[in-house]
Amino acid sequence: MGIYEERAEQVEPKQKLLSWRTKFAESRKTRPVELLFAIGGLSPTGNVSGIECYNPLEHEWRILGPVSRHRSRAGVAALNGSIYAVGGHDGLVCLSSVERYDLEINEWKRDVASLSAPKQDVAVAELGGYLYCVGGHDGLLCVNTVERYDPLVNKWCKVAPMNHRRRGLGVAVLDGYLYAVGGSDGRSPLYSVERYDPVEDRWTPCAPLRSCRENLGCATFRGKIYAVGGRDDLTELSSVERFDPLTNEWSAVPSMKSKRSQVSLAVANGYLLAVGGYDGVVHVSTVEAFDWELNAWRRFGNTQTRHPGGGVTAIQISSDDLDFSELPRTR
């Protein structure tokens, strides 16, 4: 199965992403590397973004190819070496379909079960070998539903709903819990945070954010949850805060250099990276990294293209098993 255009016609990938080597002994020590992938996005003018990969060994983003289906405001997460694009909006309607990108062969596959209902503005995360699709908007209403994907049986099933309806929320996994952070209830941005216990199948309230945020970036870094950017009642935000589970409190962190709503936040190779977003005027391609030691944000280059409403995720791979010379160059 190859990459598909919107007409569902098969398009052969121009080049494989990875070259797996077999000549190394099993006992050889390897150094893990996390590749960062920016997936899709659809601008108001109809321009569609493809797939980009950040190679930390060369500090360079490279365009790998087109997306399988046009998606904006989809959930993006990695599971078992594949990247999943969940739900979203194709410019006309909300989507229930789910696809996975097999990075080993640089192909999209449509062998994943669909969600129970179309949704956009969802958040997706991996926990315990499952994918969780949290909240969203079904085209009419903001929802509080949560679905869990089991890759062994290729099936989504509903679990306990959140206490609040949320779209444009952030999700993060910490200490075996799934946190739902901020978002909007369809009327206004939210301060509230809640966490899901997969053992008890129950959501419980947590300490609220210091600032209400929707379309924020959210990730776990060094044992704490970071909530960055987004939008409040008035404007796009550059402010950042983090949650410490030991104190059960959110505290302020130095702001990013740019305002970023619809920002993607990811952790890769020891960095907390804020990728893209909307600054109130344009969708940006800049990337910022949080320097833990200096407690400050710094510039970290640019993606090749903008990804409005796209998603970012990281996948860890052994550097000894990769031949980066076979990644397609774009500059």
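The values are calculated or read from the model by the stated rules, or taken from the named source; none is laboratory data. Note that the structure is predicted; figures quoted are calculated from it, not measured. Every residue, glycine as well, gets a Cβ built from its backbone with ideal geometry; the counts of neighbours run over all protein chains shown.
Against the test of being farther than 27 Å from Gln316 by Cβ, touching a Cys at 6+ places or on another chain (Cβ under 8 Å) and of a type in the set (Asp, Glu), the options Asp90, Asp138 yield a single qualifying residue, Asp138. For region 116-128, the tally of residues that are in contact (Cβ under 8 Å) with a residue 40 or more places away in the chain and surrounded by fewer than 24 Cβ atoms within 10 Å (Cβ to Cβ) stands at 5. Consider Gly183 carefully, then state whether it is at pLDDT 95 or above, touching an Asp or Glu at 6+ places or on another chain (Cβ under 6 Å), surrounded by 17 or more Cβ atoms within 10 Å (Cβ to Cβ) and not basic (Lys, Arg). It is true that Gly183 is at pLDDT 95 or above, touching an Asp or Glu at 6+ places or on another chain (Cβ under 6 Å), surrounded by 17 or more Cβ atoms within 10 Å (Cβ to Cβ) and not basic (Lys, Arg). Considering only residues of region 113-136 that are part of a loop (DSSP other than H, G, I, E, B) and of a type in the set (S, T, N, Q), which is farthest from Arg71 (Cα to Cα)? Among them, the one singled out is Ser116.
All of Gly139, Gly91 fail the test of being modelled with pLDDT under 95, in a loop (DSSP other than H, G, I, E, B) and closer than 27 Å to Leu36 by Cβ, apart from Gly91.
Here is a yes/no grid of residues against (1) in a loop (DSSP other than H, G, I, E, B); (2) under 16 Å from Tyr132 (Cα atoms); (3) over 19 Å from the mean Cα position of the chain (by Cα):
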{"residue": "Val153", "(1), (2), (3)": "yes, yes, yes"}
{"residue": "Val171", "(1), (2), (3)": "no, yes, no"}
{"residue": "Glu200", "(1), (2), (3)": "yes, yes, yes"}
{"residue": "Thr204", "(1), (2), (3)": "no, no, yes"}
{"residue": "Pro208", "(1), (2), (3)": "yes, no, yes"}
{"residue": "Ser211", "(1), (2), (3)": "yes, no, yes"}
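Out of Tyr101, Tyr84, one residue alone is of a type in the set (Phe, Trp, Tyr), buried (at least 24 other Cβ atoms within 10 Å of the Cβ) and within 13 Å of the chain's Cα centre (by Cα). It is Tyr84.
Pairing each residue of region 179-203 that is more than 20 Å from Val124 (Cβ to Cβ) with any residue that is not in a loop (DSSP other than H, G, I, E, B), provided the two are 6+ apart or on different chains, yields C-beta distances under 7 Å for Pro189/Arg213; Pro189/Glu214; Pro189/Arg231.
Here Tyr226 meets the list (1) touching a Cys at 6+ places or on another chain (Cβ under 8 Å); (2) hydroxyl-bearing (Ser, Thr, Tyr); (3) in a loop (DSSP other than H, G, I, E, B) almost entirely, failing just condition (3). For the criterion of being surrounded by fewer than 18 Cβ atoms within 10 Å (Cβ to Cβ), of a type in the set (D, E, K, R) and within 23 Å of Gly309 (Cα to Cα), Lys109 passes.
Sort out which residues of region 230-242 are in contact with an Asp or Glu (Cβ under 7 Å, 6 or more places away or on another chain) and crowded, with 22+ Cβ neighbours inside 10 Å, and write them in order of number.
Selection gives Gly230, Arg231.
Taking region 244-289 as the region of interest, the strands (runs of 3 or more DSSP E) fully inside it that hold 3 or more residues being surrounded by fewer than 19 Cβ atoms within 10 Å (Cβ to Cβ) and either modelled with pLDDT of 95 or more or of a type in the set (Ser, Thr, Tyr) (or both) are 249-253.
Filter region 59-108 for residues that are polar (S, T, N, Q) and either farther than 23 Å from Leu178 by Cα or touching a Ser or Thr at 6+ places or on another chain (Cβ under 9 Å) (or both) and give the result.
Hits for region 59-108 are Ser68, Ser72, Ser96, Ser97, Asn106.
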